[in-house]
Amino acid sequence: MKLIAAKAMVDAAIAYARSKSMSPLAIVVLDARGALKVAVAEDGTSLKRSEVAIGKAHGALAMGLGSRTLYTRSQSQPSFIAAVTHAVGGLMVPVPGGVLIRTKDGELLGAIGISGDSSDNDEAAALAGIASVDLVGDPGT
């Protein structure tokens with residue numbers, strides 16, 4: 001994933017959030033190998049929002065599933081999700097807001113994680129950011 005695309009996604013996600021009067025957000029973009037490309041925290045975010053955003057994005061990458069799917073699985077398989085969270089060093093937050101970033105051909109480029117508002121709103125901002133650079137967001141089901 002190119003840095004310029006990651007920065008543009010973050011800018012678009014923030015613009016979307018401000019247009020919807022969402023709470024201040026922390027946003028991270030990881031590349032396909034999980035390396036941090038961009039991390040921002042808007043003024044007014046709480047202290048650990050960035051870590052939650054990283055957990056959403058990292059969990060999605062670690063499992064190859066958008067964090068909405070991880071949330072659904074946590075409802076039916078809580079022991080499995082707890083074990084995986086432990087296995088990845090605690091870097092998995094299984095709630096919506098961690099969205100895989102793909103090309104139109106399905107190639108995995110990375111993941112974006114957002115935290116600060118409701119999980120559904122975090123996910124919507126992530127999808128808006130991804131769409132702004134003509135890529136495909138995969139939030140899970």
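The values are calculated or read from the model by the stated rules, or taken from the named source; none is laboratory data. All of these numbers come straight from a predicted model, not from anything done at the bench. Here the Cβ is made from the backbone with ideal geometry for all residues, glycine too, and neighbour counts use every protein chain on show.
Let's see how each residue does on (1) under 10 Å from the mean Cα position of the chain (by Cα); (2) of a type in the set (A, V, I, L, M); (3) closer than 30 Å to ASP43 by Cα:
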| site | (1), (2), (3) |
| --- | --- |
| SER67 | yes, no, yes |
| TYR71 | no, no, yes |
| SER76 | no, no, no |
| GLY98 | yes, no, yes |
| ASP117 | no, no, yes |
| LEU127 | yes, yes, yes |
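Give the residues of segment 77-104 that are touching a strand residue (DSSP E or B) at 6+ places or on another chain (Cβ under 9 Å) and exposed (fewer than 13 other Cβ atoms within 10 Å of the Cβ), sorted by residue number.
Hits for segment 77-104 are THR103, LYS104.
Could you tell me which residue of segment 1-21 is farthest from LYS104 (Cα to Cα), considering only residues that are touching a residue at least 40 places away in the same chain (Cβ under 8 Å) and in a loop (DSSP other than H, G, I, E, B)?
If we take residues in segment 1-21 being touching a residue at least 40 places away in the same chain (Cβ under 8 Å) and in a loop (DSSP other than H, G, I, E, B), then LYS20 is farthest from LYS104 (Cα to Cα).
If a residue counts only when it is at pLDDT below 95, small (Gly, Ala, Ser) and touching a Gly at 6+ places or on another chain (Cβ under 7 Å), which strands (runs of 3 or more DSSP E) contained entirely in segment 47-141 have at least 1 such residues?
none
Of the numbered conditions (1) modelled with pLDDT of 95 or more; (2) within 18 Å of ASP134 (Cβ to Cβ), ALA17 fails exactly one; give the number of that condition.
With (1) modelled with pLDDT of 95 or more; (2) within 18 Å of ASP134 (Cβ to Cβ) applied to ALA17, the lone miss is (2).
Given (1) free of Cβ contacts under 8 Å to residues at least 40 places away in the same chain; (2) touching a His at 6+ places or on another chain (Cβ under 9 Å); (3) assigned to a strand (DSSP E or B), identify the lone condition not met by VAL38.
Here VAL38 clears every test but (2).
Give the residues of segment 1-34 that are surrounded by fewer than 16 Cβ atoms within 10 Å (Cβ to Cβ), out of contact with any His (no Cβ under 8 Å at 6 or more places or on another chain) and within 14 Å of LEU100 (Cα to Cα), sorted by residue number.
ALA32, ARG33
Please go through segment 25-35 and give me each residue that is farther than 18 Å from ALA62 by Cα and not in a strand (DSSP E or B), ordered by number.
Across segment 25-35, the qualifying residue is only LEU25.
With respect to GLY34, determine if the residue is of a type outside the set (Val, Ile, Thr) and on the phi > 0 side of the Ramachandran plot.
The answer is yes for GLY34.
Can you spot a residue in segment 54-76 that is among the hydrophobic types (A, V, I, L, M, F, W, C) and within 20 Å of ILE4 (Cβ to Cβ)?
yes
Cβ-Cβ under 9 Å, sequence separation 6+ or interchain: first residue in segment 70-98 and touching a residue at least 24 places away in the same chain (Cβ under 8 Å) and among the polar types (S, T, N, Q), partner surrounded by 13 or more Cβ atoms within 10 Å (Cβ to Cβ) and part of a helix (DSSP H, G or I). Which pairs?
These pairs meet every condition: THR85/GLY55; THR85/GLY59.
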